[in-house]
């Protein structure tokens with residue numbers, strides 16, 4: 001199996017990068033949709049449009065992209081010679097990816113709250129949470145590129 005992973009390494013890496021880009025796009029955009037949804041909730045037609053957009057973004061783009069990111073990422077982890085677990089960088093990257101995954105699930109729960117009309121998070125709070133994926137992305141990129 002490891003021979004296959006080594007042979008396919010450039011392809012796996014390319015698909016990992018593409019899936020990360022798609023996942024990150026959703027992680028950046030969904031909280032912004034929530035901000036506008038919360039702040040425009042007085043119009044039923046607009047609110048229904050937001051619900052539809054949020055659901056499709058999460059289910060059709062973010063969920064498949066996050067799964068692909070994890071699958072290709074784990075393939076990279078198990079490729080011989082790629083990860084040196086005695087260094088700090090794989091641990092910081094792993095922690096940031098776990099935090100990113102937590103954020104994804106937190107957003108999914110907030111989408112359900114918005115759909116049910118039980119949202120308790122303000123537009124300002126969504127704006128603040130929208131910064132989390134940027135911070136995590138910085139940690140991940142620096143970890144992988146600089147390998148500190």
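Values quoted throughout were computed directly from the atomic coordinates according to the rules given, and no laboratory measurement underlies them. Remember, it's a predicted structure, so these values are computed and weren't measured experimentally. Heads up, the Cβs are rebuilt from the backbone with ideal geometry, glycines too, and the neighbour counts pull from every protein chain shown.
When the range 139-148 is limited to residues that are in a helix (DSSP H, G or I) and over 13 Å from the mean Cα position of the chain (by Cα), the one that is surrounded by the most Cβ atoms within 10 Å (Cβ to Cβ) turns out to be 143.
Is the range 124-138 home to any residue that is closer than 20 Å to residue 57 by Cβ, more than 15 Å from the chain's Cα centre (by Cα), part of a helix (DSSP H, G or I) and in contact (Cβ under 8 Å) with a residue 12 or more places away in the chain? Checked against the condition, which is being closer than 20 Å to residue 57 by Cβ, more than 15 Å from the chain's Cα centre (by Cα), part of a helix (DSSP H, G or I) and in contact (Cβ under 8 Å) with a residue 12 or more places away in the chain, the range 124-138 yields at least one hit. Being without any contact (Cβ under 8 Å) to a residue 60 or more places away in the chain, within 23 Å of residue 112 (Cα to Cα) and more than 18 Å from the chain's Cα centre (by Cα) narrows it down to one residue among 61, 67, 46; which is it? Among 61, 67, 46, only 46 is without any contact (Cβ under 8 Å) to a residue 60 or more places away in the chain, within 23 Å of residue 112 (Cα to Cα) and more than 18 Å from the chain's Cα centre (by Cα).
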